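First up is the structure itself, then whatever we jot down about it.
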Number of protein chains: 2
Amino acid sequence: MSWPPFDNLCLTPPPEAAAPLGPCLHCQVRHLSVCAVLSHEEINALDTAASLQVLAPGAVLARQGEQRRHVFTVTRGALRLVRLSADGRRQVAGFALPGDFVGLSGAAAHQNDIEALGETELCRFGLDAMQRLGEQFPHLRGKLLERACDELDSAHERMMSLARMNPTERMADFLLTLAARQARAGMPGPSLVLPMPRADIADHLGLTVETVSRCLTALRTRGLIALPGTYRVDILDRRGLETLKAA
Amino acid sequence: MSWPPFDNLCLTPPPEAAAPLGPCLHCQVRHLSVCAVLSHEEINALDTAASLQVLAPGAVLARQGEQRRHVFTVTRGALRLVRLSADGRRQVAGFALPGDFVGLSGAAAHQNDIEALGETELCRFGLDAMQRLGEQFPHLRGKLLERACDELDSAHERMMSLARMNPTERMADFLLTLAARQARAGMPGPSLVLPMPRADIADHLGLTVETVSRCLTALRTRGLIALPGTYRVDILDRRGLETLKAA
DNA sequence: CGAGGATTTGATGTGTATCAAACGCGGTGG
DNA sequence: CCACCGCGTTTGATACACATCAAATCCTCG
């Protein structure tokens, strides 16, 4: 029985759990081992199974339909998970930021293209190694199950966005979610860095590039955000954005 | 550490797995135990932890925000999982049909209202019992993890629908998915029973009732389906529907 | 400095929501 | 048994939000 995998599973650790543990042997970053709240024995086993990988901007880590062989933790940069339909329609299923866990799903093949947004560093685990670890440490599976459940909840949340929110509301929601993730990854504060171009945001939110652009300027005009650069957003009025999104 | 839960986890068994095992002691239906491909010991433990529950049409099984205490397997009838936003926008996150597993999520509280669509029968498991079983049989967690992964995959699939398909395509997708689920549950054939009213379909697909109605008549006009009754759909041209959805 | 691509801004069209009304059907009471 | 009522569904007319098409601007990099 093969070890059950994820696509875009976010295993970002809660900050408090990170404190007592050292970084990964390979990538010098506190990653999966930290997140899963494992014993030191388990952590060492995980870190030993890992190896480092660096991707150039735009590099392709996996293609839709390809056999899955590894799972990854992003340690620097960012990935996008892209789904293309037969007639060329594109959807960005999600983005993986530092601390996120990527590359697994219920299927034997990748469900998404996985591409590096900038120069990106990963910590890689072989599927077979993960399976062994899962058998060796049942606890690990329990932790991963919790994570999967969280991921499911957030997937339902995003469905609500796509189904029932207008473009501006989706944009506000997106910015707040991204801000929360950057905060969890240790970069709090109102200043956001968007690692992806507008087209990816559009395909993530089910909009067009033009609409994304218009929504951003609308939010700026309302004084909710500032746009100091193409890839930077400062959140000026968090409350205002939250009101919009909840609306 | 509390046992990790799901919302709308579908544990419908693959037909071949169901054969060698008997029905649940309580509800006479092959449910979770069958799905998870467990040992007989595990199955008995699960079934012993279960109890039967019957809901009248429209009955509320859980409310958004309520503390979670049980998980359920639907054995007859159907449930809808509904999410309401502050300003009254409504989304149906999913439907649970016989064989589906429901009521868990990463959170301590229910994320959705759960309501019976018709008279509905459930098999109920206490969360504490599930936690004990998970500790006792690590295998169970592995199986549930697999299921969670599958559920995540299908969630991504539905996001693609919501983000990038037009109403008719979503409708075709919905009908095919429903047909596949009824087939898995042992009712194959082109004749579909919709356990839910149009409004629920609309809120599931991010549309209005009017649009749902128009899409159905459009599919009928094209000769892809027949509508022998408000709650019945016959699939006349499966290929045609698949072409639409894939488009 | 110039070229190419990404982003923004502008003008127009269309698909779906919205508003409104008719229809069908099941249940109830006469 | 039939007439009536209420609700869900279907059908129709209209409005508008966002997509589409087109062009200007900005930014990056050679």
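Restricting to the range B:155-175, what's the tally of residues that are without any contact (Cβ under 8 Å) to a residue 12 or more places away in the chain and within 10 Å of chain A (Cβ to nearest Cβ)? So that I can check it myself, show each step before the final result.
The initial filter retains those residues of the range B:155-175 that are without any contact (Cβ under 8 Å) to a residue 12 or more places away in the chain, namely B:155-160, B:163-164, B:166.
Okay, now just the ones that are also within 10 Å of chain A (Cβ to nearest Cβ), so B:155-160, B:163-164.
Residues in the range B:155-175 being without any contact (Cβ under 8 Å) to a residue 12 or more places away in the chain and within 10 Å of chain A (Cβ to nearest Cβ): 8 in total.
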How many residues does the range A:106-124 hold that are surrounded by 22 or more Cβ atoms within 10 Å (Cβ to Cβ) and out of contact with any Pro (no Cβ under 9 Å at 6 or more places or on another chain)? 6
From (1) among the charged types (D, E, K, R); (2) closer than 25 Å to B:G103 by Cα; (3) more than 14 Å from chain B (Cβ to nearest Cβ), pick out the condition that doesn't hold for A:E151. (3)
Only one of these conditions is not met by B:P23: (1) at pLDDT below 90; (2) within 14 Å of chain A (Cβ to nearest Cβ). Which number is it? (2)
How many residues are in a helix (DSSP H, G or I) and either more than 9 Å from DNA strand D (Cβ to nearest atom) or closer than 15 Å to B:L162 by Cα (or both) if we restrict to the range B:205-214? 3
Test: residue in the range B:71-92 that is out of contact with any Lys or Arg (no Cβ under 6 Å at 6 or more places or on another chain), closer than 30 Å to A:F137 by Cα and not assigned by TED's automatic domain parsing to the domain that holds B:V209: yes
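This table checks each residue for (1) at pLDDT below 95; (2) more than 20 Å from B:A180 (Cβ to Cβ).
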{"position": "B:L207", "(1), (2)": "no, yes"}
{"position": "B:T211", "(1), (2)": "no, yes"}
{"position": "B:R214", "(1), (2)": "no, yes"}
{"position": "B:T217", "(1), (2)": "no, yes"}
{"position": "B:T221", "(1), (2)": "no, yes"}
{"position": "B:L227", "(1), (2)": "no, no"}
{"position": "B:Y231", "(1), (2)": "no, no"}
{"position": "B:D234", "(1), (2)": "no, no"}
{"position": "B:L244", "(1), (2)": "yes, no"}
Has the range A:183-205 got at least one residue that is of a type in the set (K, R), closer than 27 Å to A:G106 by Cβ and in contact with a Gly (Cβ under 8 Å, 6 or more places away or on another chain)? yes
For the range A:78-117 the number of residues that are modelled with pLDDT of 95 or more and more than 14 Å from chain B (Cβ to nearest Cβ) is 5
For the range A:111-150, how many residues meet the condition of being farther than 30 Å from B:L133 by Cα and outside any loop (DSSP other than H, G, I, E, B)? 9
Under the condition of being over 23 Å from the mean Cα position of the chain (by Cα), part of a helix (DSSP H, G or I) and within 15 Å of DNA strand D (Cβ to nearest atom), which residue from the range A:216-247 is nearest to the other protein chains (Cβ to nearest Cβ)? A:L244
How do the pairs read when you match residues in the range A:86-102 that are over 13 Å from A:E115 (Cβ atoms) with residues anywhere that are of a type in the set (D, E) and crowded, with 23+ Cβ neighbours inside 10 Å, using Cβ under 6 Å and keeping only pairs 6 or more apart or on different chains? A:Q91/A:D203
Pick from the range A:176-223 the residues that are free of Cβ contacts under 8 Å to residues at least 60 places away in the same chain and among the charged types (D, E, K, R): which of them is farthest from DNA strand C (Cβ to nearest atom)? A:R222
Per the list (1) over 30 Å from B:G206 (Cα atoms); (2) over 14 Å from the mean Cα position of the chain (by Cα); (3) not basic (K, R), residue check on A:L117 breaks on (2)
Go through the range B:176-204 and give me each residue that's outside any loop (DSSP other than H, G, I, E, B), within 13 Å of DNA strand D (Cβ to nearest atom) and surrounded by 19 or more Cβ atoms within 10 Å (Cβ to Cβ). B:D200, B:I201, B:A202, B:D203, B:H204
Number of the exception - A:F137 against (1) away from chain B (no Cβ under 14 Å); (2) at pLDDT below 95: (1)
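The values are calculated or read from the model by the stated rules, or taken from the named source; none is laboratory data. What you are looking at is a predicted structure, and each value in this text was computed from that prediction instead of being measured. Cβ atoms come from the backbone with ideal geometry, glycine included; neighbour counts cover every protein chain shown.
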